[in-house]
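Enquirer: Mind looking over this structure? Questions follow.
The values are calculated or read from the model by the stated rules, or taken from the named source; none is laboratory data. Just so it is clear, the model here is predicted, and its values are computed rather than measured. Neighbour counts are summed over all protein chains in view; Cβ atoms, including those assigned to glycine, are modelled from backbone coordinates with ideal geometry.
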Amino acid sequence: MEQIRNFSIIAHIDHGKSTLADRILEFTGAIEDREMQDQLLDSMDLERERGITIKLQAVNMSYTAKDGNTYQLNLIDTPGHVDFNYEVSRSLAACEGAILVIDAAQGIEAQTLANLYLALEQDLTIIPVINKIDLPGADPERIKEQIADEIGLDPDDAIEISAKMGIGIEDVIEAVVNRIPEPETGLDDKPLKALIFDSHYDAYRGVIAYVRIVEGRIEARQKIQMMASKERLEVDEVGVFTPLMKVKKSLRAGQVGYVITGAKDINHVRVGDTITSFPNGAEKPLPGYKKVTPMVFCGLYPTQGADYDYLRDALEKLQLNDAALTFEPENSVALGFGFRCGFLGLLHMEIIQERLEREYELDLIATAPGVAYRVLMSDGSIKMVDNPTGMPEGKQREHIEEPFVLATIFTPDEYIGNVMEIARDKRAVYKDMIYSNDGRRVKLVFEIPLAEILYDFFDQLKSKTRGYATFDYEFIGYRKSSLVKLDILVNGEPVDALSTILHEDSAYYKGRQLAQKLRSLLPRKQFAIAIQATIGNKIVARETVAALRKNVLSKCYGGDISRKRKLLEKQKEGKKRMKQVGNVEIPQDAFLAVLSLDDSK
Amino acid sequence: MISAGIYIHVPFCKSKCHYCNFYSIKLSEKSINCFVERIIEEIKQRAVSLPRISSVYFGGGTPSLLSGSQIRKIINAIEEVYDISNNAEITLEANPESVSLDKVFEWKDSGVNRVSLGIQSFSDEELKMLGRVHTSEDIYKAIGSIQEAGIANISGDLICGLPGQSMEEWQNNLVIIKSLNLPHISIYPLQIEEGTMFHKTLVESALEEIEDKMINMMQESRKFLKENGYSHYEIANYAKDGYESKHNMIYWQYKPYIGYGPSAASFINRARFQNVSDFSEWADSFICEEDLESRDMSVQMAEYCFLSLRLLEIGLDKDKFSKEFGVSLDDIHGELLEKLISYGWIIKGKNKYVLSEELIYYANQVFMEFLPS
């Protein structure tokens, strides 16, 4: 029987993971040369455009190694970005080994480490690969030192390749065969235990579950049960991705493939659940994934109120293979009915928004992202608030705690001053600074309120380090902060979707800035628009959007006050009419205005 | 002390300016004589009970087409019916081309002590565009004549926001008027009124183009004139100390006035009236219609409020309001005033409210709020 090797490729963005995956698929003949598009695993348009992998996929290949044996290789793709650590760990759980790709010029980056740690947590065998050795800036020897110093792996194990030029691909595949252990054998006859590590929804076939069979076997017509949801189903079809779907009679322990049950309700087949047989199922499920907590929240509203149900539908479908996405209905005076959505991070949020707009053709208004606050109430109870509108009044609460993250920033040493400056503006607490052996790169560690990262942190970091700094963060807990709620009133009416929670020290300043910004964003009308920023009952800023010329002034001459009054009456009537048609429409930009406020005081 | 005013509408013009929609008719010698005769008759027929008169204002049209003796006759008629204060302000509106030294001497002898000169612009190009019949040269001559004849109290009108007018061109107008050292200046933004030449010929886009520029010009005027010793006492009016127009103050301070002549407006016992805007109908029987809405107390209070707020420094005074209407301003408009303060549109002073700097040129946005819904 063919031996199986299940592996992933992990890498920092742009270090060439997808190109390597393509080459491996090509080399093993899974895809015919160039007949398929480059970087096949990144099949979503969005992924291809952004050059990042978002959703994991699994491809089954057959490979005859130099030892003469034929191996079944399963390459399970992982996303590269820090937001998707959760998905990385999901796909790694289905593997025994991982290829760690490091750019021969850039060296080890924050995400390289983050992903590596996830792989080590799963006890995976690591194959370090130094990519892009053909590039002029390549310095494999320095990278090998980094591998020894910063990761603690044997630098002699590192394979030097150029995925782009096709150099060293066979060595990598041979290493997969020789170094990565085969899955535990002899488990085929045990009761079925299959881990659902991903899934997607097909309009015709229902939910397609991506599984790793850990024990037992699964085949068509078999009766199965989902151990968490208790749902009982019958298997329609099993198979593997080659990368196209290829039907198999059965999948046995150690194999990776798909299972179709015809289930249409996405809640019946949840990622992280264990499939077992029925009757005579396994007693205990596989360790499921720990439930991830969304860290970043925003409101998503359809611009067409009628699209509300369609939006819910779309969110449910996305949630099917993205357990990290949460949503619940919310209702805004300014925006109508929509959903409060929770995300792993900013990129995750952007991607969900884009997928909703592109794949589901929804026209959305997104409110400024925020975090969830822990509020200790006066009565001693704890309330989680993920929407500024829901923040209890000042006298009802004892204090507010906000989420903090441990931020790790790698930067060339000449930008330390700039990074420190950004950190200071962002209320960061400095923790540590470590120079690399060559003294050219520095790792800076801070504790930063997550909310501060949501504002223009990335942009500033990129611009002030000429794009050289990389950044990673992990949640470290809630801490008490002096926070206040800033509200925005337009013509005296609070616009709930513009409320934000801010640190006391910057709230006044930001209130003024926000009011000014809104002034430039709101459309001019026949009537003037008053913008106010308030904290509690106190007005901290006000601005006026001027009215259009037509109605600005009329001269008063010859004492004809009646005429003047009649003009005013007409104007007032006009304003009333405008009010009935929705008063002041607030453009999408306005809801994000708070994000781009300048921090420098 | 300002108490009551009289307005005389002289409806004749040599030609109609492109922006003007006041009632006016083509000049003819015969009709001017007829006008003087009939207005004297109207003053006698429509005599009302008014306190001592502190201002008489000849507006138009082009009152400077009247000779000194014609003005004298009209003032005599007024004096027969009304008690005119010794130091009453007697203003004559004048167009530069119709001013001569001899004429001003006559006017002065007839009692005129203030001339409001329709300058509008110091640029011949702009004057042509506005449809004015005078040149910049006429302006300097006119001012020279008025001053030489011994009338120091001169007001100059300027219009800003002309299509195509640049900020530099406007500033040039400001610099010149400042150099003339007139004690009173009125600045109006160009408005396109129905029935005017501009309304027919100007396209909307030409106006939008200068929309913001016009506001900037008015702001610039405020800054410049204040720096040069003028107080901005009313939205459109600037004065050197003591030269505020008494006649305009009558309007803003809710004092009574009677208007004679076609289309003239009157305000008597808090009710508003207007003469028919047709020369023959007026000359026939002095038809005067009451604006019935103005009898409504809530309308009266609204008018009081917005007229007061036009006075940028005096503002809307709480005591004066309650004296006028017998109720407190806060009881009537307390909530609205609070709202407007919170918007930053008005500012609370000692016992009064004034327009905020930002809203001066959008004052209608505040004014309309006082009107009953």
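Enquirer: Just checking, does region A:134-141 include any residue being touching a helix residue (DSSP H, G or I) at 6+ places or on another chain (Cβ under 7 Å), of a type in the set (Asp, Glu) and modelled with pLDDT of 85 or more? Talk me through it step by step, then tell me what you get.
Expert: To start, the set of residues in region A:134-141 that are touching a helix residue (DSSP H, G or I) at 6+ places or on another chain (Cβ under 7 Å) comprises none.
Checked against the condition, which is being touching a helix residue (DSSP H, G or I) at 6+ places or on another chain (Cβ under 7 Å), of a type in the set (Asp, Glu) and modelled with pLDDT of 85 or more, region A:134-141 yields no hits at all.
Enquirer: Now a separate question. Residue by residue through region B:235-252, note down the ones that are in a loop (DSSP other than H, G, I, E, B), more than 9 Å from every other protein chain (Cβ to nearest Cβ) and surrounded by 18 or more Cβ atoms within 10 Å (Cβ to Cβ).
Expert: Result: B:Tyr243, B:Glu244, B:Ser245.
Enquirer: Can you pull out every residue in region A:142-156 that is touching a helix residue (DSSP H, G or I) at 6+ places or on another chain (Cβ under 8 Å), of a type outside the set (Val, Ile, Thr) and under 16 Å from A:Ala98 (Cβ atoms)?
Expert: Hits for region A:142-156 are A:Leu153, A:Asp154.
Enquirer: Out of the residues in region B:256-270 that are out of contact with any strand residue (DSSP E or B) (no Cβ under 6 Å at 6 or more places or on another chain) and closer than 19 Å to B:Gly326 by Cβ, which is farthest from the other protein chains (Cβ to nearest Cβ)?
Expert: Applying the filter and picking the extreme gives B:Asn269.
Enquirer: Which of the residues spanning region B:303-317 are free of Cβ contacts under 8 Å to residues at least 60 places away in the same chain and either of a type in the set (S, T, N, Q) or surrounded by fewer than 18 Cβ atoms within 10 Å (Cβ to Cβ) (or both)?
Expert: Correct list: B:Ser308 only.
Enquirer: How many of the residues in region A:413-446 are aromatic (Phe, Trp, Tyr), in a helix (DSSP H, G or I) and surrounded by fewer than 19 Cβ atoms within 10 Å (Cβ to Cβ)? Walk me through it before giving the result.
Expert: Step one: of region A:413-446, the residues aromatic (Phe, Trp, Tyr) are A:415, A:430, A:435, A:446.
Now drop any that are not in a helix (DSSP H, G or I), which leaves A:415.
Remaining after also requiring surrounded by fewer than 19 Cβ atoms within 10 Å (Cβ to Cβ): none.
Result for region A:413-446: 0.
Enquirer: Can you tell me which residues in region A:442-479 are small (Gly, Ala, Ser) and under 12 Å from A:Val405 (Cα atoms)?
Expert: Selection gives A:Ala451, A:Gly477.
Enquirer: Considering each residue of region A:516-533, count those that are buried (at least 17 other Cβ atoms within 10 Å of the Cβ), out of contact with any Pro (no Cβ under 8 Å at 6 or more places or on another chain) and either facing chain B (nearest Cβ under 10 Å) or assigned to a loop (DSSP other than H, G, I, E, B) (or both), and give that number.
Expert: Total meeting the criteria: 7.
Enquirer: Kindly establish whether B:Ser31 is over 20 Å from the mean Cα position of the chain (by Cα), farther than 18 Å from B:Ile258 by Cβ and outside any strand (DSSP E or B).
Expert: Taking the combined requirement at face value, the residue satisfies it.
Enquirer: How do the helices (runs of 4 or more DSSP H) wholly within region A:1-105 filter down when requiring 1 or more residues that are surrounded by fewer than 24 Cβ atoms within 10 Å (Cβ to Cβ) and modelled with pLDDT of 85 or more: which remain?
Expert: It comes to A:17-27.
Enquirer: Quick check on my filter: what residues within region B:17-45 are over 22 Å from B:Gln274 (Cα atoms) and surrounded by fewer than 20 Cβ atoms within 10 Å (Cβ to Cβ)?
Expert: Residues satisfying the conditions are B:His18, B:Leu27, B:Ser28, B:Glu29, B:Lys30, B:Asn33.
Enquirer: On to the next question. Would you call B:Asp330 touching a Leu at 6+ places or on another chain (Cβ under 8 Å), more than 12 Å from chain A (Cβ to nearest Cβ) and surrounded by fewer than 17 Cβ atoms within 10 Å (Cβ to Cβ)?
Expert: When the stated conditions are applied, B:Asp330 passes them.
Enquirer: Right, next: Do you know which residues across region B:1-33 are in contact with a Pro (Cβ under 7 Å, 6 or more places away or on another chain) and either modelled with pLDDT of 90 or more or away from chain A (no Cβ under 14 Å) (or both)?
Expert: Across region B:1-33, the qualifying residues are B:Ser3, B:Ala4, B:His9, B:Val10, B:Pro11, B:Ile25.
Enquirer: Which condition breaks for A:Ile409 when tested against (1) assigned to a helix (DSSP H, G or I); (2) more than 30 Å from B:Leu340 (Cα to Cα); (3) among the hydrophobic types (A, V, I, L, M, F, W, C)?
Expert: It is condition (1) that A:Ile409 fails.
Enquirer: For region B:106-129, which positions are more than 22 Å from B:Ser55 (Cβ to Cβ), over 19 Å from the mean Cα position of the chain (by Cα) and touching a residue at least 12 places away in the same chain (Cβ under 8 Å)?
Expert: B:Phe122, B:Ser123, B:Asp124, B:Glu126, B:Met129 - these are the residues of region B:106-129 that are more than 22 Å from B:Ser55 (Cβ to Cβ), over 19 Å from the mean Cα position of the chain (by Cα) and touching a residue at least 12 places away in the same chain (Cβ under 8 Å).
Enquirer: Looking only at region A:180-211, how many residues end up being crowded, with 16+ Cβ neighbours inside 10 Å and touching a Ser or Thr at 6+ places or on another chain (Cβ under 8 Å)?
Expert: Total meeting the criteria: 13.
Enquirer: Inside region B:341-373, can you point out the residues that are more than 19 Å from A:Lys564 (Cβ to Cβ), within 9 Å of another protein chain (Cβ to nearest Cβ) and assigned to a helix (DSSP H, G or I)?
Expert: Of everything in region B:341-373, those that are more than 19 Å from A:Lys564 (Cβ to Cβ), within 9 Å of another protein chain (Cβ to nearest Cβ) and assigned to a helix (DSSP H, G or I) turn out to be B:Ser342, B:Tyr343, B:Glu358.
Enquirer: Do we have any residue at all in region B:167-187 that's in a loop (DSSP other than H, G, I, E, B), within 14 Å of another protein chain (Cβ to nearest Cβ) and either under 20 Å from the mean Cα position of the chain (by Cα) or buried (at least 19 other Cβ atoms within 10 Å of the Cβ) (or both)?
Expert: no
Enquirer: I'd like to check which strands (runs of 3 or more DSSP E) are fully inside region A:456-509 and have at least 1 residues that are of a type in the set (D, E, K, R), in contact with a Ser or Thr (Cβ under 6 Å, 6 or more places away or on another chain) and modelled with pLDDT under 90.
Expert: Ranges flagged: A:470-481.
Enquirer: What number of residues within region A:229-275 are of a type in the set (A, V, I, L, M, F, W, C) and either assigned to a loop (DSSP other than H, G, I, E, B) or without any contact (Cβ under 8 Å) to a residue 40 or more places away in the chain (or both)?
Expert: Looking only at that region, the number is 10.
Enquirer: Where residues in region A:276-314 are out of contact with any Gly (no Cβ under 9 Å at 6 or more places or on another chain) and not in a loop (DSSP other than H, G, I, E, B), which of them is modelled with the lowest pLDDT?
Expert: Residue satisfying both the conditions and the ranking: A:Ala306.
Enquirer: For B:Arg132, are the conditions met, namely being modelled with pLDDT under 95 and basic (Lys, Arg)?
Expert: Yes; evaluated as a whole, the condition is true for this residue.
Enquirer: Taking the condition surrounded by fewer than 20 Cβ atoms within 10 Å (Cβ to Cβ), among the hydroxyl-bearing types (Ser, Thr, Tyr) and away from every other protein chain (no Cβ under 14 Å), does B:Ser322 pass?
Expert: It is true that B:Ser322 is surrounded by fewer than 20 Cβ atoms within 10 Å (Cβ to Cβ), among the hydroxyl-bearing types (Ser, Thr, Tyr) and away from every other protein chain (no Cβ under 14 Å).
Enquirer: Report, ordered by the first and then the second residue, all pairs with beta carbons closer than 7 Å, sequence separation of six or more or different chains, a first member in region A:548-577 that is more than 7 Å from chain B (Cβ to nearest Cβ), and a second member that is in a loop (DSSP other than H, G, I, E, B) and modelled with pLDDT under 65.
Expert: From residues that are more than 7 Å from chain B (Cβ to nearest Cβ), the pairs are A:Lys564/A:Ser554; A:Lys564/A:Cys556; A:Leu567/A:Ser554.
Enquirer: Return the only residue of A:Pro449, A:Pro388 being at pLDDT 90 or above and closer than 30 Å to A:Pro329 by Cβ.
Expert: A:Pro449
Enquirer: Hey, another quick one. Check whether at least one residue in region B:277-288 is within 12 Å of another protein chain (Cβ to nearest Cβ), more than 30 Å from B:Ser24 (Cα to Cα) and assigned to a loop (DSSP other than H, G, I, E, B), and report yes or no. Explain how you work it out, then say what you get.
Expert: Step one: of region B:277-288, the residues within 12 Å of another protein chain (Cβ to nearest Cβ) are B:277.
Restricting the remaining residues to those that are more than 30 Å from B:Ser24 (Cα to Cα) gives none.
Checking region B:277-288: not a single residue is within 12 Å of another protein chain (Cβ to nearest Cβ), more than 30 Å from B:Ser24 (Cα to Cα) and assigned to a loop (DSSP other than H, G, I, E, B).
Enquirer: Under the condition of being touching a helix residue (DSSP H, G or I) at 6+ places or on another chain (Cβ under 9 Å) and of a type in the set (A, V, I, L, M, F, W, C), which residue from region A:251-286 is farthest from A:Arg217 (Cα to Cα)?
Expert: Across region A:251-286, the extreme among qualifying residues is A:Ile266.
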